[in-house]
Amino acid sequence: MSARLGTHVTDDDLVLHYYGESERPALLDAHLDACAACGARWQELSQVLAVVTDEAMREARTPEFGDREMDAAWQRLAPRLASARQRARLRRVMVPLAVAASLVLAFTIGRHWPAAPEVAPGGTERVLLVAVGDHLERSEMLLVELVNASPDQPVDIGSEQRQAHELLGASRLYRAAVTRAGEPGLASVLEELERLLVEVSHRPSEISPDELAVLRRRIESRGLLFKVRVLEWQVREKQKEPAPGAAAVS
Amino acid sequence: MQDAEADAQAVARVRAGEPEAFRVLMERHGRAVHRLAFRMTGNEQDAEDVVQESFLRAFRNLDHFEARAQFGSWLYRIAANCSYDLLRARARRLARTEPADATPDLDASVPTGDPGPDRLLAGAEVRRRIRAAMSRMSALERSAFTLRHLEGMSIAEIAQALDLQGEAAKQSVFRAVRKLRGALAEHAQGALRAKA
């Protein structure tokens with residue numbers, strides 16, 4: 001911000017001043033009193049923003065959200081809360097079980113290799129499949145978000161980065177488990193996915209259209225989204241099998 | 001009962017396995033969330049969707065909510081973030097379904113010729129110009145501006161609510177104001193001349 005009287009202030013300084021967020025409001029006030037040019041710009045800005053406020057107030061007929069709407073909203077929300085609660089419970093149980101499953105599978109396969117891993121316990125394998133299926137579904141949603149992001153202007157990918165960061169940790173765990181379980185195809189896709197997740201989580205939260213294009217090209221050129229979808233479908237199908245064995249899903 | 005205490009009790013009940021207690025929180029804060037969402041999205045259906053998503057997100061993250069914090073402020077930030085996400089999703093859908101040169105520009109629907117001073121002073125024309133300027137804002141600019149100008153949140157609070165760096169939030173407000181000034185400069189000068 002201009003620190004001395006006689007130096008014109010920028011429009012951005014005026015905006016901050018208008019909202020009471022200027023670092024040196026007294027200095028700015030003095031300058032606006034003394035400088036006709038800046039004073040006129042200040043008047044114009046204040047007028048524009050006052051008009052916006054007036055119009056917003058005039059249009060402030062926010063639609064009714066009374067008791068009836070509230071009740072309808074609750075009726076819509078309640079089943080979703082129940083489902084969210086169930087999923088949270090399942091996740092709390094599944095993550096440690098998935099780790100346990102990976103250890104059991106690794107141990108079993110290690111002991112009996114190269115024999116077919118028929119001894120793998122169906123219950124633990126199923127838990128691993130459910131966890132991996134869930135992981136692939138969340139990864140797919142993230143990839144879709146990135147592929148569909150508007151390429152015309154800088155994009156904020158803050159929330160995608162947080163998801164990528166969470167998925168990354170889980171992906172490493174699942175990759176180790178499926179590698180031990182002898183699922184090279186699945187492990188390879190998870191590894192590819194991890195590389196992309198690392199790239200997403202390490203970028204600045206706002207990326208340029210060019211950077212976004214690079215990410216999209218990476219996803220599209222290797223058919224990563226397609227692979228994730230196919231694997232997710234295969235994993236889900238595998239879950240439906242009545243007597244789970246240790247057959248490959250890839 | 002104090003507001004904060006009522007919230008804390010409801011939160012404790014939900015955490016203790018009584019999801020129906022979440023309705024208390026919805027009844028206490030639903031209207032404020034709806035009002036914020038409507039201001040940010042400008043659309044009634046979107047506002048209702050934001051109410052759903054905000055409360056669902058709050059429910060899912062209740063374990064991360066610190067008991068000492070204000071539930072209302074926490075939820076308000078979630079709602080701002082949900083509205084922003086919705087605006088971004090809307091922009092992406094538009095970008096996919098409409099070619100760049102077909103992006104709706106409300107200015108294009110202005111009747112031929114510059115509107116005279118009398119028309120510019122007319123409320124409808126001003127409103128139309130504001131809407132046009134808002135429609136040209138990115139999701140981030142619109143969100144940041146609404147939160148700063150209409151909701152009175154500081155730049156730091158906006159950054160926190162939208163998970164941004166402070167500078168990004170600030171620049172978004174600047175860009176939004178520039179667009180409004182571009183749309184309303186003529187009107188503002190006319191009004192100032194009339195005052196003088």
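The values are calculated or read from the model by the stated rules, or taken from the named source; none is laboratory data. Given the structure is predicted, the values throughout are model-derived calculations rather than measurements. So basically every Cβ, Gly included, is an ideal-geometry build from the backbone, and we count neighbours across all protein chains shown.
Worth pointing out:
- Counted residues, region B:179-188 - those being farther than 15 Å from residue B:135 by Cα and more than 10 Å from chain A (Cβ to nearest Cβ): 1
- Scan of region A:184-217 for residues that are within 18 Å of residue A:167 (Cα to Cα), without any contact (Cβ under 8 Å) to a residue 60 or more places away in the chain and touching a Leu at 6+ places or on another chain (Cβ under 9 Å), ordered by number: A:190, A:192, A:193, A:194, A:196, A:197, A:198, A:199, A:200, A:201, A:203, A:205
- One residue alone among B:37, B:69 is in contact (Cβ under 8 Å) with a residue 12 or more places away in the chain and of a type in the set (A, V, I, L, M), and that residue is B:37.
- Restricting attention to region B:1-29, the residues that are facing chain A (nearest Cβ under 10 Å), under 27 Å from the mean Cα position of the chain (by Cα) and either crowded, with 17+ Cβ neighbours inside 10 Å or touching a residue at least 40 places away in the same chain (Cβ under 8 Å) (or both) total 3.
- Conditions (1) free of Cβ contacts under 8 Å to residues at least 12 places away in the same chain; (2) closer than 22 Å to residue A:65 by Cα; (3) surrounded by fewer than 18 Cβ atoms within 10 Å (Cβ to Cβ): number failed by residue B:32: (1)
Every residue, every condition in (1) modelled with pLDDT of 90 or more; (2) out of contact with any His (no Cβ under 7 Å at 6 or more places or on another chain); (3) facing chain B (nearest Cβ under 9 Å), yes or no:
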residue: A:12; (1), (2), (3): yes, yes, yes
residue: A:22; (1), (2), (3): yes, yes, no
residue: A:28; (1), (2), (3): yes, no, no
residue: A:33; (1), (2), (3): yes, yes, no
residue: A:37; (1), (2), (3): yes, no, no
residue: A:55; (1), (2), (3): no, yes, yes
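- Tally, over region A:166-206, of residues that are in contact with an Asp or Glu (Cβ under 8 Å, 6 or more places away or on another chain) and either within 26 Å of residue B:138 (Cβ to Cβ) or part of a helix (DSSP H, G or I) (or both): 8
- Answer residue from region B:50-89, given it is of a type outside the set (Asp, Glu) and touching a Cys at 6+ places or on another chain (Cβ under 7 Å) and is farthest from residue A:84 (Cα to Cα) among those: B:50
- Hits in region B:8-28 - residues which are part of a helix (DSSP H, G or I), under 14 Å from residue B:63 (Cβ atoms) and not aromatic (Phe, Trp, Tyr): B:11, B:12, B:14, B:15, B:19
- Some residue of region A:182-203 being touching a strand residue (DSSP E or B) at 6+ places or on another chain (Cβ under 7 Å) and within 14 Å of another protein chain (Cβ to nearest Cβ): no
- Which listed residue, of B:139, B:133, B:161, B:176, is under 16 Å from the mean Cα position of the chain (by Cα), more than 10 Å from every other protein chain (Cβ to nearest Cβ) and buried (at least 21 other Cβ atoms within 10 Å of the Cβ): B:161
- Flag: residue A:237 does not match the condition of being modelled with pLDDT of 80 or more and in a helix (DSSP H, G or I).
- Near pairs, Cβ below 7 angstrom, 6+ apart or cross-chain, from region A:219-232 (within 16 Å of residue A:129 (Cα to Cα)) to any residue that is modelled with pLDDT under 80 and part of a loop (DSSP other than H, G, I, E, B): A:231/A:250
- In this structure, residue A:178 qualifies as surrounded by 18 or more Cβ atoms within 10 Å (Cβ to Cβ) and not charged (D, E, K, R).
- Residue A:65 fulfils the conditions (1) in a loop (DSSP other than H, G, I, E, B); (2) at pLDDT below 80 except for a single criterion, (2).
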